[in-house]
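Visitor: My questions will all concern the structure given below.
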Amino acid sequence: MNMELIKNAVAEAAARFGAEEYELTVSSSENTSVEALKKEVSAVSYARSGSMVVRCVVGGKSGYAASELVTPEAAALIVETACDNATVVDEADQVGLFPGSDHYETSRDAAIELPDTDALRERALKLQELAYAASDKIVDGTQSFVSGMNLSQDVMNSAGLQLHYETGLVYQGLMAAVKDGEDAADEFCLTDVSKKTVEETVQKAVSGALSKLGADTVPSGKYDIIMDSATICSLMERYADVFSARSAYLKTTLLAGMEGETVGSEALTLIDDPFYPEKFGHCPFDGEGVAVYSKKVIEKGRLNTLLYNRMYAKLLGRQTTGNASSATGIEPKGLYIAPGTVSNEELLKKLGDGLYLTSLQGLHAGANVQSGDFSLQADGFLVENGVKTAPVKNFTVAGNFFQLLKQVTDVSSEVKFDVGSDYGAPDVLLSGMAISGK
């Protein structure tokens, strides 16, 4: 992909089709992977992909067009389409093009040399070999894979903006399936190859699967619970739009108009930090080319700010927070719950008796983002006298996300981000959650 040729094609086409201003965003990825099943390689893949989005301003109105073909010829075609689209837009462009921020943080991220197929194959089979050797309860259906990826993004416009970012990652995953008589369970573990060995990945997946054997449900009632970091992250990701200024403008979040108000417990601080060290990807600019920065969205229960791009910042009389995914979209860049002062073990002791949740199912069907209501199937463990005891499954946890922010009693000191995720959290202690079991 020759970016200079593509940029030149956009500039020439913009002049030819009467665009007063133009903007180009190009995203590309390179991915390679090997999967293994039943101690044999089951799939090998390699792919390069990309996309272009062009914004053209004609007569003071913005038109957009996109292509998944990243070539100079495709660039010229989507410029023509974007200019045509601008002529049928009713309202004038709200914010114009962005010329660039005064300062951008220096990212140490870089593209990497991806492992060759032989290296990926060897590691994927090693995951299989060690998984089967770890327990006689491991059964066929145990899957492993090793993948590498490089990502890049370019943003440029006729106002002089020209930014480039790239990063890469190699990661491994194991789905350990176990069976004891008629009782079956599984556990998935995904790790960064640079941070966890094959042995550590296998141990976590296999021990996690074995710990679920013999699970039963729990009696219905009100429980104090702990959601582990991965579980609370999955809930945060589902409800991320409630912190978006777009949702506030459209009145589809109950946090609209609540900036400066108390929306959570004093134990809750929620931070959006694009440069959090344990998070994958530290791009110094957002989808509009605005410099990103760390901000406390909620501080000790008080909503300091929603997340803004330039358009919704102007519509709502605020400043952008550098959270644009595009000129119209908004996304977190590294949203996490700030750590507390107690360890995970001390948090369990603080819970005493209750439930420790390790997964939630049905987030897309059972969680209403606008109202905040959710009713989700959950798995986890009983906690008795501050110790995790019997595994439990097939029960439902119900509540409301906006109310849940106020039910946070304490958080542990160990923040974790899943591999490749923009969401992080410690274990979180919540009071008075409704559980429906037997």
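The values are calculated or read from the model by the stated rules, or taken from the named source; none is laboratory data. Quantities reported herein were computed from a predicted structural model and do not represent experimental measurements. Using ideal geometry, Cβ is built from the backbone for each residue, glycine included, and neighbour counts are taken over all protein chains shown. SASA here: full protein model, heavy atoms, side chains in, ligands and nucleic acids out. Shrake-Rupley method; radii C 1.70, N 1.55, O 1.52, S 1.80 Å.
Visitor: Out of the residues in region 217-242 that are among the polar types (S, T, N, Q) and part of a helix (DSSP H, G or I), state the one that is nearest to Phe417 (Cα to Cα).
Guide: Filtering first and then ranking leaves Ser229.
Visitor: Here's something else I'd like to know. Output the residues belonging to region 100-123 that are out of contact with any Gly (no Cβ under 8 Å at 6 or more places or on another chain) and more than 21 Å from Phe280 (Cα to Cα).
Guide: Of everything in region 100-123, those that are out of contact with any Gly (no Cβ under 8 Å at 6 or more places or on another chain) and more than 21 Å from Phe280 (Cα to Cα) turn out to be Asp102, His103, Asp116, Thr117, Asp118, Ala119, Arg121, Glu122, Arg123.
Visitor: While we're here: Sort through Ser326, Ser421, Ser436 and tell me the only one that's small (Gly, Ala, Ser) and closer than 30 Å to Gly96 by Cα.
Guide: Ser326
Visitor: Going by what's in this entry, would Glu35 be described as touching a residue at least 12 places away in the same chain (Cβ under 8 Å) and within 28 Å of the chain's Cα centre (by Cα)?
Guide: Here the answer is yes, as Glu35 does meet what is asked.
Visitor: Next up: Looking at region 395-411, which of its residues are over 23 Å from Thr262 (Cβ atoms) and either of a type outside the set (Ser, Thr, Tyr) or open to solvent by less than 40 Å² (accessible area, probe 1.4 Å) (or both)?
Guide: Phe395, Val397, Ala398 - these are the residues of region 395-411 that are over 23 Å from Thr262 (Cβ atoms) and either of a type outside the set (Ser, Thr, Tyr) or open to solvent by less than 40 Å² (accessible area, probe 1.4 Å) (or both).
Visitor: Just name the residue that is surrounded by the fewest Cβ atoms within 10 Å (Cβ to Cβ) out of those in region 182-200 that are among the β-branched types (Val, Ile, Thr), in contact (Cβ under 8 Å) with a residue 60 or more places away in the chain and more than 22 Å from Gly380 (Cβ to Cβ).
Guide: Val193
Visitor: Next question, about the same structure. Suppose we keep only residues that are outside any loop (DSSP other than H, G, I, E, B) and more than 23 Å from Ser29 (Cα to Cα) within region 79-102. Which one would you say is nearest to the chain's Cα centre (by Cα)?
Guide: Residue satisfying both the conditions and the ranking: Ala82.
Visitor: Let me ask something else about it. Just checking, how many residues over region 271-301 are open to solvent by 10 Å² or more (accessible area, probe 1.4 Å), within 21 Å of Val428 (Cβ to Cβ) and in a strand (DSSP E or B)?
Guide: Number of matching residues: 4.
Visitor: Okay, next question. For region 201-229, what are the residues that are open to solvent by 10 Å² or more (accessible area, probe 1.4 Å), under 14 Å from Phe381 (Cβ atoms) and not acidic (Asp, Glu)?
Guide: Ser207, Gly208, Leu210, Ser211, Lys212, Leu213, Gly214, Ala215, Thr217, Tyr223, listed by residue number.
Visitor: Between a first residue in region 424-438 that is closer than 9 Å to Ile226 by Cα and a second residue that is outside any strand (DSSP E or B) and among the aliphatic types (A, V, I, L, M), which pairs have beta carbons less than 7 Å apart while being 6 or more apart in sequence or on different chains?
Guide: Pairs that qualify, where the first residue is closer than 9 Å to Ile226 by Cα and the partner is outside any strand (DSSP E or B) and among the aliphatic types (A, V, I, L, M), are Asp427/Leu347; Val428/Ile232; Leu429/Leu347; Leu429/Leu351; Leu430/Leu404.
Visitor: Residues Ser421, Ser436: which one is modelled with pLDDT of 95 or more, within 30 Å of Ala184 (Cβ to Cβ) and either of a type in the set (D, E, K, R) or open to solvent by 40 Å² or more (accessible area, probe 1.4 Å) (or both)?
Guide: Ser436
Visitor: So, in region 297-336, of the ones that are within 23 Å of Lys61 (Cα to Cα) and of a type in the set (Ser, Thr, Tyr), which residue ends up nearest to the chain's Cα centre (by Cα)?
Guide: Step by step, filter region 297-336, then rank; the result is Ser325.
Visitor: Go through region 38-59 and give me each residue that's of a type in the set (D, E, K, R), farther than 26 Å from Val26 by Cβ and in a strand (DSSP E or B).
Guide: Hit for region 38-59 is Glu40, nothing else.
Visitor: Sticking with this one: Which of (1) at pLDDT below 95; (2) within 19 Å of the chain's Cα centre (by Cα) does Pro339 not meet, given it meets every other one?
Guide: Among (1) at pLDDT below 95; (2) within 19 Å of the chain's Cα centre (by Cα), Pro339 violates only (1).
Visitor: Return the residue satisfying two criteria in turn: it lies in region 84-125 and is open to solvent by 90 Å² or more (accessible area, probe 1.4 Å) and basic (Lys, Arg), and of such residues it is modelled with the lowest pLDDT.
Guide: The extreme case among them is Arg108.
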